[in-house]
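A.B. asks: I have a structure I would like to understand better, so I am pasting it below and will then ask my questions one at a time.
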Amino acid sequence: MLINSITKKYSGSVVLNELSFDFKPGEIVGLIGNNGAGKSTLMKIIAQTIQKFDGSVEDNSHVGYLIEEPKLFSNKTGLAHLSYFSKIYGNIFKLNEYEELLKCLQLFDVLNKKVKEYSLGMKQKLGIVISLLNNPSYVVLDEPTNGMDIETSLEVLEQLKKMAKEWNVGILISSHKLEDIENVCNRVLFIEKGNILDEQQFSNKSQHILKLVFDTPTELATFINHQEFGSIVHSSEKTVEIETTANNADVFQFLNKLGIRLIDFTTEKKTLRNVYMSKLGGEKRDIGY
Amino acid sequence: MILDIKSYVSYNLSELFKRGSLIVGVLAALGPAILISYLILSGTTAFTIKHVSNFYCMLGMLAAVLHPLYFVNRDYSSKTISLINNSKQNRKKYVLANVVIALCVSLIYAALGIVLLLVTKELGVPGELKASFLLGFSVNVFLLVLTFFLFGYILLLYGVRSGAVYGILTALLLFFHNILINVLESTNNVFLSNIIENFPGYFYPVMVGSNPLSPMQYFIGCLTLVVLLVLVLKKSERIEI
């Protein structure tokens, strides 16, 4: 799916500003941003529930979605929902195809109960299953683990991982629970004020951030010019932060060769939380950890 | 994913039966008509077959308009419409699917009305029952149901609460035309009389069970229907939930 230069304005104020990215079937992409960053609007545009915007979205004709709260009929049973949202799109709901998923999500035994008897977490799970009906190529999930306890969240995320792989479904997922995103996503997009601020791959779990403080700016420049350990995340007058998989001993050996002495040295595992804090820090109140 | 109109219509029509609301609506339509037929046959009143048809339409048309509107109201109030309004094509198909439901409901009510009139005539209720009247009755029911359904639909799309929409439709179908009749009877102004007589809010509820409409009224009725349909389609195209 190609999201190409999307701009959305609401009464003059820009919610999304020429935002572009792509994602493929089978890939799970995380969307992180503070409240009001434009995540839900972006998801609604991808799901085509918002029609008026500038830019284009390609290959979004087959998208399942759960955006904001699950939209359900309180007087219908869970099973009636699955049957209804299959039938109106010309398909027949086959319970056996979804049995494993429904059992894993602990929905199977309550399918004949009316939705008004469901907890918020159960409604969320039903909303997720509805989004997976009718063989979508992509699924867009906005805060899918809302109202779920930790154990259930992990089960749901595991299922999503499995679905993405087995059904070759591309999943775009937003959550305020950074650990959720970190556990499930291949790639994370940081979105702020309608712009993509940064993109991070989370495929390599051994990545960490090295923070090196040099004695002089010249030594820093020499190091930057010669190093091949990884990409530079941040640098200032005497300090540099590098995202790398290299071990500390290799870095020290390299510094010795160059005859450079460090003032300070720290290493930190690359987690979504510390990347988030460096990219979007300041609004810590929005994060649910 | 493309909305399947046939599946949507069949599922929701069957729900109308299963929930029992269609039965309640039909009983509400038939009740007064059967009662008046009984009174006519027992010689208590001097009414005719057209009174039977009028009494049938009194609550019958209100029920027939509210049945299809229930689905639109249900989908918008529960916001499940956002699971359907996911492409321009589906937005259009959703409107058309509900128009088809309204059409089916109007056909059911027209058919039941005709059966009722034929049976009561057979039982001896006086009055002429020409084919032209039955045809006019069917067309009137069809036009009235679709027009008032689309009017209610547009109100819902503009965010009018369902209780208010049902209230407005009830007032229009049961009471408002009586005010217009009083105005007509008390005025000598030909222009005003013409306007009232050609106003769909007047001629549909008054004439639906009485007579075929005039060519001018049919023209205005069809034009109103087209305008309302275009308005509903345009508004549905833009609406964001």
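The values are calculated or read from the model by the stated rules, or taken from the named source; none is laboratory data. Keep in mind that this is a model prediction, so the values were computed, not measured. Positions of Cβ are backbone-derived with ideal geometry, glycine not excepted, and every protein chain shown enters the neighbour counts.
A.B. asks: Kindly provide the set of residues from region A:61-87 that are more than 22 Å from the chain's Cα centre (by Cα) and within 11 Å of chain B (Cβ to nearest Cβ), ordered by number. Before you say what the answer is, go through the steps one by one.
C.D. replies: Here is the first cut: in region A:61-87, the residues more than 22 Å from the chain's Cα centre (by Cα) are A:72-87.
Of everything in region A:61-87, those that are more than 22 Å from the chain's Cα centre (by Cα) and within 11 Å of chain B (Cβ to nearest Cβ) turn out to be A:L72, A:F73, A:S74, A:N75, A:K76, A:A80, A:H81, A:S83, A:Y84, A:F85, A:S86, A:K87.
A.B. asks: Does B:L134 fit the bill of being under 15 Å from B:G60 (Cβ atoms) and hydrophobic (A, V, I, L, M, F, W, C)?
C.D. replies: It is false that B:L134 is under 15 Å from B:G60 (Cβ atoms) and hydrophobic (A, V, I, L, M, F, W, C).
A.B. asks: Any idea which of B:V139, B:V100, B:V105, B:V65 is within 14 Å of chain A (Cβ to nearest Cβ), under 18 Å from the mean Cα position of the chain (by Cα), in a helix (DSSP H, G or I) and at pLDDT 95 or above? Don't jump to the end; show me each part of the working.
C.D. replies: Numbers: B:V139 fails: within 14 Å of chain A (Cβ to nearest Cβ); B:V105 fails: within 14 Å of chain A (Cβ to nearest Cβ); B:V65 fails: within 14 Å of chain A (Cβ to nearest Cβ).
After ruling out the rest, the residue left standing is B:V100.
A.B. asks: Turning to a different aspect of this structure: From (1) away from chain A (no Cβ under 14 Å); (2) assigned to a loop (DSSP other than H, G, I, E, B); (3) farther than 21 Å from B:L30 by Cα, pick out the condition that doesn't hold for B:S132.
C.D. replies: Of everything listed in (1) away from chain A (no Cβ under 14 Å); (2) assigned to a loop (DSSP other than H, G, I, E, B); (3) farther than 21 Å from B:L30 by Cα, B:S132 misses just condition (2).
A.B. asks: Could you please give the count of residues in region A:34-60 that are at the interface with chain B (Cβ under 7 Å from one of its Cβ atoms) and either buried (at least 16 other Cβ atoms within 10 Å of the Cβ) or touching a Phe, Trp or Tyr at 6+ places or on another chain (Cβ under 8 Å) (or both)?
C.D. replies: Kept after step one, since they are at the interface with chain B (Cβ under 7 Å from one of its Cβ atoms), are these residues of region A:34-60: A:47-52.
Still in the running and either buried (at least 16 other Cβ atoms within 10 Å of the Cβ) or touching a Phe, Trp or Tyr at 6+ places or on another chain (Cβ under 8 Å) (or both): A:47-51.
Number of matching residues: 5.
A.B. asks: Within region A:232-265, track down each residue that is part of a helix (DSSP H, G or I) and among the charged types (D, E, K, R).
C.D. replies: Within region A:232-265, A:D250, A:K257 meet the criteria.
A.B. asks: Report those helices (runs of 4 or more DSSP H) wholly inside region B:147-241 carrying at least 1 residues which are away from chain A (no Cβ under 14 Å), surrounded by 12 or more Cβ atoms within 10 Å (Cβ to Cβ) and touching a Leu at 6+ places or on another chain (Cβ under 6 Å). Break it down into steps so the answer makes sense when it comes.
C.D. replies: Numbers: elements: B:162-170, B:177-186, B:190-197, B:200-207, B:215-238.
Once the helices (runs of 4 or more DSSP H) in region B:147-241 are filtered for at least 1 residues that are away from chain A (no Cβ under 14 Å), surrounded by 12 or more Cβ atoms within 10 Å (Cβ to Cβ) and touching a Leu at 6+ places or on another chain (Cβ under 6 Å), what remains is B:162-170, B:190-197, B:200-207, B:215-238.
A.B. asks: A follow-up question, please. Looking at (1) loosely packed, with under 14 Cβ neighbours inside 10 Å; (2) within 23 Å of the chain's Cα centre (by Cα), find the lone condition where B:G43 falls short.
C.D. replies: (2)
A.B. asks: So which residues in region A:155-191 are among the hydrophobic types (A, V, I, L, M, F, W, C) and assigned to a loop (DSSP other than H, G, I, E, B), if there are any at all?
C.D. replies: Here is the first cut: in region A:155-191, the ones among the hydrophobic types (A, V, I, L, M, F, W, C) are A:156-157, A:160, A:163-164, A:167, A:169, A:171-173, A:178, A:181, A:184-185, A:188-191.
Scanning region A:155-191 gives A:W167, A:V169, A:C185.
A.B. asks: Before we move on, is A:L160 under 22 Å from the mean Cα position of the chain (by Cα) and away from chain B (no Cβ under 14 Å)? Lay out the reasoning, then the answer.
C.D. replies: Working: under 22 Å from the mean Cα position of the chain (by Cα): yes; away from chain B (no Cβ under 14 Å): yes.
Spelling it out, A:L160 is indeed under 22 Å from the mean Cα position of the chain (by Cα) and away from chain B (no Cβ under 14 Å).
A.B. asks: Regarding B:Y56, is this residue buried (at least 17 other Cβ atoms within 10 Å of the Cβ), within 17 Å of the chain's Cα centre (by Cα), part of a helix (DSSP H, G or I) and of a type in the set (F, W, Y)?
C.D. replies: Details: buried (at least 17 other Cβ atoms within 10 Å of the Cβ): yes; within 17 Å of the chain's Cα centre (by Cα): yes; part of a helix (DSSP H, G or I): yes; of a type in the set (F, W, Y): yes.
Spelling it out, B:Y56 is indeed buried (at least 17 other Cβ atoms within 10 Å of the Cβ), within 17 Å of the chain's Cα centre (by Cα), part of a helix (DSSP H, G or I) and of a type in the set (F, W, Y).
Yes/no matrix, rows are residues, columns are (1) modelled with pLDDT under 95; (2) of a type in the set (G, A, S):
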| residue | (1), (2) |
| --- | --- |
| B:E15 | yes, no |
| B:I49 | yes, no |
| B:N73 | no, no |
| B:L96 | no, no |
| B:A111 | no, yes |
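A.B. asks: What are the residues in region A:201-227 that are within 17 Å of A:T267 (Cα to Cα) and loosely packed, with under 12 Cβ neighbours inside 10 Å, if any?
C.D. replies: Listed by number, the residues that qualify are A:N204, A:K205, A:S206.
A.B. asks: Here is a follow-up. Filtering region A:88-114 down to residues that are surrounded by 18 or more Cβ atoms within 10 Å (Cβ to Cβ) and facing another protein chain (nearest Cβ under 10 Å), which residue is nearest to B:M1 (Cα to Cα)?
C.D. replies: Result: A:Y89.
A.B. asks: Another one. Determine which member of the set B:S21, B:S7, B:S37 is surrounded by 14 or more Cβ atoms within 10 Å (Cβ to Cβ), more than 14 Å from chain A (Cβ to nearest Cβ) and among the hydroxyl-bearing types (S, T, Y). Show your work before the answer.
C.D. replies: Details: B:S21 fails: more than 14 Å from chain A (Cβ to nearest Cβ); B:S7 fails: more than 14 Å from chain A (Cβ to nearest Cβ).
Among B:S21, B:S7, B:S37, only B:S37 is surrounded by 14 or more Cβ atoms within 10 Å (Cβ to Cβ), more than 14 Å from chain A (Cβ to nearest Cβ) and among the hydroxyl-bearing types (S, T, Y).
A.B. asks: On the basis of being under 14 Å from the mean Cα position of the chain (by Cα), crowded, with 21+ Cβ neighbours inside 10 Å and within 14 Å of another protein chain (Cβ to nearest Cβ), does B:I84 make the cut? Walk me through how you get there before you give the answer.
C.D. replies: Details: under 14 Å from the mean Cα position of the chain (by Cα): no; crowded, with 21+ Cβ neighbours inside 10 Å: yes; within 14 Å of another protein chain (Cβ to nearest Cβ): yes.
Spelling it out, it is not the case that B:I84 is under 14 Å from the mean Cα position of the chain (by Cα), crowded, with 21+ Cβ neighbours inside 10 Å and within 14 Å of another protein chain (Cβ to nearest Cβ).
A.B. asks: Can I ask one more? Could you say whether any residue in region A:161-173 is modelled with pLDDT under 90, in the same structural domain as A:L42 (by TED's automatic domain parsing) and either buried (at least 21 other Cβ atoms within 10 Å of the Cβ) or in contact with a Pro (Cβ under 6 Å, 6 or more places away or on another chain) (or both)?
C.D. replies: no
A.B. asks: If you check B:A131 against the conditions, is it surrounded by fewer than 22 Cβ atoms within 10 Å (Cβ to Cβ), at pLDDT below 95 and over 30 Å from A:G127 (Cα atoms)?
C.D. replies: Working: surrounded by fewer than 22 Cβ atoms within 10 Å (Cβ to Cβ): yes; at pLDDT below 95: yes; over 30 Å from A:G127 (Cα atoms): yes.
Judged against the criteria, B:A131 is a match.
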